[in-house]
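The structure appears right after this line, and notes come after that.
The values are calculated or read from the model by the stated rules, or taken from the named source; none is laboratory data. Everything quoted here is computed from the prediction, not taken from an experiment. Cβ sites come from the backbone with ideal geometry, for glycine too, and all protein chains shown count toward neighbours.
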Amino acid sequence: MTYYVVFFLAGFAGSFHCIGMCGGFACALGSDPRGTAATGVRHLLYNTGRLTSYVFLGGLAGAIGQVICTSQGLTVSGSGGDVLDLGQRLLAIVAGLLMIAMALQFFGRLPVLHRVTIGFSGSGFAAALRSLLTVRGRAAPLAFGVFNGFLPCPLVYAFVAQAAGTGAVPSGVLVMASFGLGTFPAMLMMGGVGRALAPAWRQRGVWFAGAGILLLGLVTLGRGVLPAGMMMVHPA
Amino acid sequence: MSAGTEALCSHCLLPVGLRSTRQMLNGESCTFCCYGCSIAYQVKQGRGEESEAAWLLIRLGVGGFLSMNIMLFSMLDYTGTFVGADAKVQPVIHMLLWIFATPAMLILGGPFIRETFLEAFQGRLTSSALIVVGTGAAYAYSALAVFENSSHVYFDTASMVLMLFTVGRYLEAAGRAKAARDLAPLLAAESEMATVVEGKTEWRRAVREIVSGTLVRVRPGERIPVDGTIVEGCSHADEAVMTGESHAIEKSPGSAVIAGSINLDGPLLIRSSGAGNATRWAQICRSVREALVRRSPSQRLADRIVGVFVPAVLLLGLATAAVWSHYLPFDKALLTGLAVLVVACPCAVGLAAPMASSLGIGLLARHGCVVRDPAALEALARTRLIAFDKTGTLTSGQARIVAIISPTADANEVLARAAGLERYSEHGLGRAVMQEAAARGLAPAATQDVRAVPGRGIIGNADGEAIAAGNGELMRELGWKLEPELAERVKAHEASGHSRIYVGWGGVVRAVLALDDTPLPEAFATIDALRRRGLRAMLLTGDLPMAARRIASVVGIGEIEAGLSPEQKRTALDLRRREGLVAMVGDGLNDGPVLAAADVGIAVGSATDLARETAAVVLPPGGLWLLPYAVDVARAVRKTILGNLAWAFGYNFIAVGLATAGLLQPVLAAAVMAGSSLLVVLNSLRLERLPDPSAEGLREIAPADLETAIGDYGNVAVTAAR
């Protein structure tokens, strides 16, 4: 359980990063003239759509991880008696490295990667999505959230890598679900009071998120590299 | 719907063909060739509130939300989350999936269902019928299973297949739009707006409304909409559309500009010299539009195959399901049948040819080469023999003096005297005399009482004695004789087939000027480039054999048939056509019927021919050197089409085989299918990377060869001058 709480917290910290781009969308989603409750529903729908996409990506990544793990017949016996799949170790190494790369990006390193991950957002598709923001009705924010979930975002990539590293569908789903729920508070806030948040605080949040992801990346990498039993083995 | 076959898709600019759909979008009537283009167009154009695009995205988004949830719960179901203690939950989960799946099927499957019905009413089965039948069967089976409390439902398969096809078609259409980006300016030429200046006010007017004498302002980076001259401003222009070569050409007040060229760096004010829709550029654009809607032979073949393919696959899918149901539980057999339907969807086959042809036609049009029909492009790629007309095609069509035979008189004196007469002449040969005199720095001798004798030549008076220049007939009529030595030399020279001007004064013919057409500087290199591409070249001409042989040897052609009437030219072509496809290159003025008789008629240069329908390919004026490039493009297009077809068919056969054997999951099949269409699009887009044609390589070799080749005749003139 603590394992997923970590992701929830990481998601929460990371959501200060989200404020940069997705927060803009959330603000643009604005308020419903029919009252506070309607506004709340509007934002809840948007975030539900986003969460669904994340969780779906998590499940998919988990399934891919599972395929990789089970196709590897080799196992390595750890000193503590635990048996860790070789495929799982490889996945953990790849996922860990990916997360570390994403974390470095949060500190302004690896600008090349930044271009790769953010390059798409200026595309025609993102521009067309904006037209959804102003449409009334319940379906538009939901649909917008769904597409939003697929927009390129280093934070999401990092956690999808983590989900793949778990090597199973349910755990992959749970990783992304905890992360997605972690982003809820900040993103919901954006709809209302969040706009007042000082840029300095935002920057601190981004660093905090970067540090968290870096730590997670190192832990994941360690799971792949270090002998079994030395690390916390996730419950999947 | 029949009108739809003559239109182009609003998004990808390919012919809409048989599965066109018409839609009113934001007050505009749009035609789309497929569902993917409809999505991509709306996503691209979608601005403003409550637009059609927004609603489309909402539908897709909600469909995605539903099918992702279906997929998630199904994945958890498959991985055994709901077993043991949680087994009671399973029927509830299945019910939930059904509740999600029903709207998802309608939202995502709607366009496919509509297309299927529209086509079915016209007695056709298209690929969407396969999708609808397949996913419909999976949904219907699963819905029954929910109520019978069976343990297996396949809502995820049904909704994911639809989702993948939708996303696949969107991505495919987005890729095709890359091709459209290049074609768009060609198609928009006539509806384009130009800034017209009237007094102190400026108006935006459609180009086709512009008449001669209108002042048009063109900003840097804009396309010059009309032919005309510059009144104000200095800039550089890229006239690739006229000359085939991309170069910055300096322009200042008084310079002529051509419609279709790009104004590169300075604002210009242009006075148009003709109507906006009468320019060569407008004609090119009209031709391209007409060419794009025509279907090439390989496309027609592919369409026919697809027409047979779909019902065959439908039967195969049913048969697969029926056969497997003997060995497997019914639901597994049904899934196998579904996989067959999904994987055999012949989308890639339908895409193989039109995109490659359109890209090729667009590529050539941007260099001023007009291809009237995709079929001509395919034929040009397969051509092994190219026949050339001589005059105006391999030669400049303008005579020049190659020899002055004057045993007694000084050559310069002959020229000066002849020029004194010919300065009053309008005749083409007369111009050649003036040019040669000017080249030698000779002033025309003062001549009085000049009178033209129609069909004979020209006579006058100089220094008190009669002087005449013209053909042998004129001299006979005047009763003037050739000097004996001159008569001998002329006799020896007769076999060359040169045109001759007799020049005489004082009652005696003193000299004979030999004139000939000059080969184009790029002719030799062009023929050489064609030969290196494995093409044979031959000369078919109505001129005398000697003249033909001389030009042929200068440009490097070995095979000659001379002295042919247009009828004989056609016969000669027909004879060659038995061995393979033959292209004929002419100037389009005199050899219209011959060009039309060849497998590919290629006209060089004449603007009038753009309007007439004799040649299938029209090169820009002076664009003979573009011929190898046109062959390259044609071959690349054909290679791409064949590659696409091979890929699409080969892939289909293997994938159908795997699916029939039950080795391919339906969702995987859908993903691979969507991927195969994308591959065809990407493969076709590689055509955009073909290098631009360059005249430099051609013009470098040409002049030296030309000098040696005509040097002999130059020497004649020089020796005679001594």
Open item on the list: I'd like to check something: does the stretch B:86-104 contain any residue that is within 48 Å of the chain's Cα centre (by Cα), within 26 Å of B:Ser677 (Cα to Cα), at pLDDT 75 or above and buried (at least 23 other Cβ atoms within 10 Å of the Cβ)?
Closed with: yes
TODO: List the strands (runs of 3 or more DSSP E) that sit entirely inside the stretch B:443-512 and contain at least 3 residues that are of a type outside the set (A, V, I, L, M) and either in the same structural domain as B:Val433 (by TED's automatic domain parsing) or surrounded by 17 or more Cβ atoms within 10 Å (Cβ to Cβ) (or both).
DONE: B:448-453, B:457-462, B:499-505
Task: From B:Arg219, B:Arg223, B:Arg205, residue being farther than 24 Å from B:Leu364 by Cα, of a type in the set (D, E, K, R) and touching a residue at least 24 places away in the same chain (Cβ under 8 Å) - done: B:Arg219
Open item on the list: With the requirement that a residue be of a type in the set (S, T, N, Q) and either outside any helix (DSSP H, G or I) or surrounded by fewer than 20 Cβ atoms within 10 Å (Cβ to Cβ) (or both), what does the stretch B:114-136 give you?
Closed with: B:Gln122, B:Thr126
- [ ] Could you please let me know if B:Pro628 is in contact with a Ser or Thr (Cβ under 7 Å, 6 or more places away or on another chain) and in a helix (DSSP H, G or I)?
- [x] yes
TODO: Being within 21 Å of B:Thr157 (Cα to Cα), more than 7 Å from every other protein chain (Cβ to nearest Cβ) and modelled with pLDDT under 75 narrows it down to one of B:Gly80, B:Gly63, so name that one.
DONE: B:Gly80
TODO: Give the residues of the stretch A:44-76 that are modelled with pLDDT under 80 and part of a helix (DSSP H, G or I), sorted by residue number.
DONE: A:Gln66, A:Val67, A:Ile68, A:Cys69, A:Thr70, A:Ser71
Task: Answer residue from the stretch B:646-677, given it is under 29 Å from the mean Cα position of the chain (by Cα) and surrounded by fewer than 17 Cβ atoms within 10 Å (Cβ to Cβ) and is farthest from B:Phe524 (Cα to Cα) among those - done: B:Gly675
Open item on the list: Which numbered condition in (1) crowded, with 22+ Cβ neighbours inside 10 Å; (2) over 22 Å from B:Leu130 (Cα atoms) is the only one that B:Gly622 fails?
Closed with: (1)
- [ ] Look at B:Arg576 and say whether it is of a type in the set (D, E, K, R) and without any contact (Cβ under 8 Å) to a residue 40 or more places away in the chain.
- [x] no
Task: Residue in the stretch B:359-383 that is surrounded by the fewest Cβ atoms within 10 Å (Cβ to Cβ), counting only those that are charged (D, E, K, R) and modelled with pLDDT of 85 or more - done: B:Arg382
Open item on the list: Tally up the residues in the stretch B:165-184 that are over 21 Å from B:Phe112 (Cα atoms) and basic (Lys, Arg), please.
Closed with: 2
Task: Flag if B:Leu530 is closer than 30 Å to B:Gly623 by Cβ, in the same structural domain as B:Pro545 (by TED's automatic domain parsing) and at pLDDT 80 or above - done: yes
Open item on the list: Need the failing condition index for A:Gly172 against (1) modelled with pLDDT under 70; (2) within 22 Å of A:Leu91 (Cβ to Cβ); (3) facing chain B (nearest Cβ under 10 Å), just the number.
Closed with: (1)
- [ ] Residue by residue through the stretch B:137-157, note down the ones that are surrounded by 14 or more Cβ atoms within 10 Å (Cβ to Cβ), in a helix (DSSP H, G or I) and out of contact with any Gly (no Cβ under 8 Å at 6 or more places or on another chain).
- [x] B:Ala138, B:Tyr139, B:Tyr141, B:Ser142, B:Ala143, B:Ala145, B:Val146, B:Phe155, B:Asp156, B:Thr157
Open item on the list: Given the condition polar (S, T, N, Q) and within 34 Å of the chain's Cα centre (by Cα), answer yes or no: does some residue in the stretch B:499-511 qualify?
Closed with: no
TODO: Could you tell me whether any residue of the stretch B:113-123 is basic (Lys, Arg) and within 30 Å of B:Arg689 (Cβ to Cβ)?
DONE: no
Open item on the list: For the stretch B:333-347, give me each residue that is part of a helix (DSSP H, G or I) and touching a residue at least 40 places away in the same chain (Cβ under 8 Å).
Closed with: B:Leu334, B:Leu335, B:Thr336, B:Gly337, B:Leu338, B:Ala339, B:Val340, B:Leu341, B:Val342, B:Val343, B:Cys347
